[in-house]
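One structure is given below, encoded as structure tokens.
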Amino acid sequence: ILKMFNFNLLPYPADNEYRGNKIALWFFIAFVCLMTWRSIIHMFFEQYGMHSIANFSVLSGDPDPMPLIYMFFSLWGFAQLIFCGVCWIVIFRYKSFLPLMYVFWLVEWSVRAFIYPLTEKSVAVDGAYTSGITPGALGAPFVTILLVAFLTLSLREKVKDKYDVI
């Protein structure tokens with residue numbers, strides 16, 4: 001059964017030949033579309049993304065803390081957009097690295113699902129700074145499960161048997 005899986009996350013040569021399941025490729029493209037959109041919202045529409053989508057409250061003070069918070073929220077979106085750019089390069093030119101990109105996304109989303117609730121619970125969940133749970137915190141366990149499933153599919157190669165035509 002291990003012959004069906006290629007665990008080489010750094011293939012040589014780095015090429016555009018994807019050997020995994022096609023469903024994992026199409027899911028990855030859809031996922032990167034969604035993550036690119038999320039990044040653009042965080043970068044350019046930080047007030048809307050922070051308050052209307054992520055449910056964070058407007059803070060007040062003197063001086064007003066929100067411009068600084070919006071700047072960091074926007075920088076976070078920019079960092080996300082850079083990573084999405086790398087994923088688009090993989091999609092169009094280096095598909096052999098697609099399982100590695102799944103691992104990177106899996107690390108991000110599993111940290112959201114399992115580490116942040118332990119360390120940042122008061123910020124994202126308890127309501128001191130939010131008017132509701134953030135979509136990222138709510139969806140992280142489900143996204144993590146999906147990413148594990150599609151990573152597995154991306155590692156799965158068709159095994160040729162003795163009856164396959166070469």
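Annotations for the structure displayed:
- In the stretch 75-94, the residues that are modelled with pLDDT under 95 reach residues that are in a helix (DSSP H, G or I) and hydroxyl-bearing (S, T, Y) with C-beta atoms within less than 9 angstrom, at least six apart or across chains, in these pairs: W76/S39; G77/S39.
- Whichever residue in the stretch 96-135 is part of a helix (DSSP H, G or I), aromatic (F, W, Y) and open to solvent by 70 Å² or more (accessible area, probe 1.4 Å) and, among such residues, is modelled with the highest pLDDT: F104
- Residues considered: F72, F31, F44. Of these, the only one that is aromatic (F, W, Y), under 21 Å from the mean Cα position of the chain (by Cα) and open to solvent by less than 90 Å² (accessible area, probe 1.4 Å) is F31.
- F92 fulfils the conditions (1) open to solvent by less than 40 Å² (accessible area, probe 1.4 Å); (2) under 19 Å from the mean Cα position of the chain (by Cα) except for a single criterion, (1).
- Leading residue by the ranking (nearest to A140 (Cα to Cα)) among those in the stretch 51-69 that are surrounded by 15 or more Cβ atoms within 10 Å (Cβ to Cβ) and of a type outside the set (A, V, I, L, M, F, W, C): N55
The values are calculated or read from the model by the stated rules, or taken from the named source; none is laboratory data. Note that the coordinates shown come from a computational prediction; the quantities given were computed from them, not determined experimentally. Neighbour counts are summed over all protein chains in view; Cβ atoms, including those assigned to glycine, are modelled from backbone coordinates with ideal geometry. All accessible areas refer to the heavy atoms of the entire protein, side chains included, with ligands and DNA or RNA removed. Shrake-Rupley method; radii C 1.70, N 1.55, O 1.52, S 1.80 Å.
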